[in-house]
Amino acid sequence: MTFDLSHFTAAVVFAACASTVFGITQRNTTREMLRYGAYCFALFVGGVIVASWAMWLIKH
Amino acid sequence: MANVQNTTAGARAAKSGDAATGSMTIIAPLAGWLLPGLGHFIQRRWIRGLLLMLAVFIMFFAGLGMQGKVYGFNTGDLLDILGFVGDIGSGLLYFIARAMDWGAGNIQRAVADYGTKYIVVAGLLNIISAVDAYHIAIGKKQ
């Protein structure tokens, strides 16, 4: 089975899985885990969006 | 007299508890490496184990689905060696993929390169999970 993901979808799936692991392993309480996981996810996806716009600006 | 017996029984229980904790410090990270999440399951962290297992499985199989490459043991290019080190972090998933001849890679598809990275990162995330299982076993974390 093969499938194609767009750049953005691939980045979001990556961010979701990585931030789940980071959240669980890097914090002690459930609340802190959720907060840190969400923080990592926002940074991953936000970083992708910022980098995309930076590349667009460089090209234009 | 009864007090002495209680103390002895308490000391014995503490000793057997220490032995159990001692063996768990080896078993938990090893189990967590072999099967993602298992190190947490055997310490009764069911939800955490399940989430870690899902995260690693999704990354690994999404990588294979994107026709990513699974590195074999090699002594060639440094990045290939590091790719192997990352991949083997997935434990049994890696050995199954190698045995089934999955992960041949496809240089004609751009998304296959993402797949290769997904598989490497799945292994690295699993190593972090195994270390977390060890921290739980030694009591550093709840």
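Bear in mind that the values in this text are calculations on the coordinates, not laboratory data. Quick caveat: nothing in here was measured; it's all calculated off a predicted structure. Every residue, glycine as well, gets a Cβ built from its backbone with ideal geometry; the counts of neighbours run over all protein chains shown.
Tabulated data for the structure shown
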quantity	calculated
The listed residue being exposed (fewer than 14 other Cβ atoms within 10 Å of the Cβ), touching a residue at least 40 places away in the same chain (Cβ under 8 Å) and either within 14 Å of chain A (Cβ to nearest Cβ) or within 17 Å of the chain's Cα centre (by Cα) (or both), out of B:91, B:139	B:139
Count of residues meeting criterion [in contact with a strand residue (DSSP E or B) (Cβ under 8 Å, 6 or more places away or on another chain) and in a helix (DSSP H, G or I)] in the range B:30-89	1
The range B:58-79 residues that are without any contact (Cβ under 8 Å) to a residue 60 or more places away in the chain and within 14 Å of chain A (Cβ to nearest Cβ), paired with ones that are of a type in the set (S, T, N, Q) and not in a helix (DSSP H, G or I) (beta carbon under 6 Å, 6 or more apart)	B:65/A:2; B:67/A:2; B:67/B:106
Residue selected from the range A:16-57 under the condition within 11 Å of chain B (Cβ to nearest Cβ) and among the hydroxyl-bearing types (Ser, Thr, Tyr), by the criterion surrounded by the fewest Cβ atoms within 10 Å (Cβ to Cβ)	A:29
Verdict on residue A:13 being under 22 Å from residue B:124 (Cβ atoms), more than 9 Å from every other protein chain (Cβ to nearest Cβ), free of Cβ contacts under 8 Å to residues at least 60 places away in the same chain and among the β-branched types (Val, Ile, Thr)	no
Residue ID - surrounded by the fewest Cβ atoms within 10 Å (Cβ to Cβ), chosen from residues in the range B:97-119 that are assigned to a helix (DSSP H, G or I) and in contact with a strand residue (DSSP E or B) (Cβ under 9 Å, 6 or more places away or on another chain)	B:113
Selection count, the range B:109-136, where residues are of a type in the set (Ser, Thr, Tyr) and facing chain A (nearest Cβ under 9 Å)	3
